[in-house]
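These notes concern the structure reproduced below.
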Amino acid sequence: MPLKPDGYTIFCDDIRQEIGNKCSLMGIYGPDMFVDNPFPLMMAKMGFHITFRDDPHAQLSPITLCIYLPVYEQDNPTYRSDIYRSQAALPPLPGTLGPTARRMATINVLLSPLNLKEPGKIKVRMLVDGEKIKLGTLRVAYKDPAAPAATEVSSAPG
């Protein structure tokens, strides 16, 4: 039974290609990105380090990368890129593969500048044979820098 496509995205401030085919991700976000300026706001850039995995025996049909910013239309991504895959570009498969073997591709995207009109979710999706595969979501919210942090502990004696 073929494995379903999947993947994930690391959201960050910048992606840098280094010597020796290394990639450095700067300013990696967790599940949330808190901004200290009210919306709308303009970010100099934002990086998306995307890993897409599928069954090594699956047909190499074209796929489409979609990035949706807050206030998006379901069928109209902010960023869209068609990716044409070719069997000729891949090395031959080994004679035996385990049942969980995956074909993997890494895609780095830098959007610059990035205009965020309001808080919400940045979503990364891949369209594969008409199916929308979820590759990651980052919640974007305003946090007033003057407001106390939720993790601050009072140092006053009890």
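The values are calculated or read from the model by the stated rules, or taken from the named source; none is laboratory data. Fair warning: this is a prediction, and the values are worked out from it, not measured in the lab. Methodologically, a virtual Cβ is constructed for each residue, glycine included, from the backbone with ideal geometry; neighbour enumeration extends over all protein chains shown.
Quick notes
- The set of residues in region 33-70 that are under 30 Å from Leu3 (Cα atoms) and either of a type in the set (A, V, I, L, M, F, W, C) or touching a Cys at 6+ places or on another chain (Cβ under 7 Å) (or both) comprises Gly47, Phe48, His49, Ile50, Phe52, Ala58, Leu60, Ile63, Leu65, Cys66, Ile67, Leu69.
- Qualifying residues in region 1-20 (those that are of a type in the set (Val, Ile, Thr) and touching a strand residue (DSSP E or B) at 6+ places or on another chain (Cβ under 9 Å)) - the one surrounded by the fewest Cβ atoms within 10 Å (Cβ to Cβ): Ile10
- Residue count, region 119-137 (criterion: in a loop (DSSP other than H, G, I, E, B) and under 19 Å from the mean Cα position of the chain (by Cα)): 1
- Some residue of region 85-98 being out of contact with any helix residue (DSSP H, G or I) (no Cβ under 9 Å at 6 or more places or on another chain), closer than 19 Å to Lys121 by Cβ, loosely packed, with under 10 Cβ neighbours inside 10 Å and not hydrophobic (A, V, I, L, M, F, W, C): no
- For region 81-103, a residue qualifies if it is farther than 16 Å from His57 by Cβ and either within 18 Å of the chain's Cα centre (by Cα) or modelled with pLDDT of 85 or more (or both), and the qualifying residues are Ser81, Asp82, Ile83, Tyr84.
- Residue count, region 87-130 (criterion: within 20 Å of Ile28 (Cβ to Cβ) and of a type in the set (Val, Ile, Thr)): 5
- Pairs, first within 17 Å of Glu131 (Cβ to Cβ) in region 53-72, second aromatic (Phe, Trp, Tyr), C-beta under 8 Å, six or more apart: Pro62/Tyr84; Ile63/Phe52; Leu65/Tyr79; Cys66/Tyr79
- Flag for Thr106 being polar (S, T, N, Q), at pLDDT 95 or above and part of a strand (DSSP E or B): no
- Residues in region 21-73 that are touching a Gly at 6+ places or on another chain (Cβ under 7 Å) and loosely packed, with under 12 Cβ neighbours inside 10 Å: 0 in all.
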